[in-house]
1. What are the pairs, 6+ residues apart or on separate chains, where a residue within segment 22-40 that is touching a residue at least 40 places away in the same chain (Cβ under 8 Å) has its Cβ under 7 Å from a residue that is surrounded by 11 or more Cβ atoms within 10 Å (Cβ to Cβ) and among the aromatic types (Phe, Trp, Tyr)?
2. Quick check on my filter: what residues within segment 115-131 are under 17 Å from ILE78 (Cα atoms) and touching a Phe, Trp or Tyr at 6+ places or on another chain (Cβ under 6 Å)?
3. I'd like the full set of residues that are in contact (Cβ under 8 Å) with a residue 60 or more places away in the chain and either under 22 Å from GLU142 (Cα atoms) or surrounded by fewer than 18 Cβ atoms within 10 Å (Cβ to Cβ) (or both), limited to segment 91-115.
4. For residues that are of a type outside the set (A, V, I, L, M) and either in contact (Cβ under 8 Å) with a residue 12 or more places away in the chain or outside any loop (DSSP other than H, G, I, E, B) (or both), scanning just segment 75-89, find the one that is nearest to GLU145 (Cα to Cα).
5. Got a sec? Which of GLU142, GLU120 is of a type in the set (Asp, Glu), surrounded by 13 or more Cβ atoms within 10 Å (Cβ to Cβ) and under 21 Å from SER16 (Cα atoms)?
6. Within the set of pairs 6+ apart or on separate chains, which have a first residue in segment 125-136 that is among the polar types (S, T, N, Q), a second that is part of a helix (DSSP H, G or I), and C-beta atoms under 8 Å apart?
7. Can you name every residue in segment 77-114 that is at pLDDT below 90 and hydrophobic (A, V, I, L, M, F, W, C)?
Amino acid sequence: MDRYLMNKDFKFVKNSLLAACIESQQSMMQTAQQAMRDIQERALEGRSNEELSDAFIAQCQNEQNMYVKRLHEVSGTISILEKVKGVKGGEAIGFGSLIITNHQNFFVAASIGEFKLEDENFFIISAQTPIYKAMEGKRAGEQFEFRGRQYKIMDVV
């Protein structure tokens, strides 16, 4: 277990991690929204040019579609993260659990991937991931194996 986590209140760490994940996703949403506005401005500027090409229009539409898809994904992730706030904690690993192991730290919410909080790495995973399936229902002190590696669960919040 990393020195950062040695004397920490894990509930505080979990709440801080959740807030940081939501903030990160909201920032991604704002970036995508700004990119969409920029694309619209470029397209409007291009319309004033009589030589507007079909390729330019198609490029703008493709970019716009990409950001619409990204906004939808980020919005879904934020919704899942918000649901974690209402989850009542238990001793067994489930949706919303913060899991501290001898190798890595996990937070079961949405598939975000690796996330750094105060120099500590956490893997934000969904309940559909294979590693979650390997640890689901386990408690602090138990072990699980994933891809040939033994994990000892130090704490579950």
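1. Qualifying pairs under 7 Å: ALA32/TYR67.
2. Once the filter is applied, which keeps residues that are under 17 Å from ILE78 (Cα atoms) and touching a Phe, Trp or Tyr at 6+ places or on another chain (Cβ under 6 Å), segment 115-131 yields PHE115, PHE123, ILE124, ILE125, ALA127.
3. GLU91, ALA92, ILE93, SER97, LEU98, ILE100, ASN102, ASN105, PHE107, ALA109, PHE115
4. Checked segment 75-89; the qualifying residue nearest to GLU145 (Cα to Cα) is GLY89.
5. Values: GLU142 fails: under 21 Å from SER16 (Cα atoms).
Of GLU142, GLU120, the one residue that is of a type in the set (Asp, Glu), surrounded by 13 or more Cβ atoms within 10 Å (Cβ to Cβ) and under 21 Å from SER16 (Cα atoms) is GLU120.
6. SER126/ILE80; SER126/TYR132
7. Correct list: VAL84, VAL87.
The values are calculated or read from the model by the stated rules, or taken from the named source; none is laboratory data. No experiment lies behind these values; they were computed from the predicted model shown. In this analysis, Cβ positions are derived from the backbone assuming ideal geometry, glycine residues included, and neighbour counts consider all displayed protein chains.
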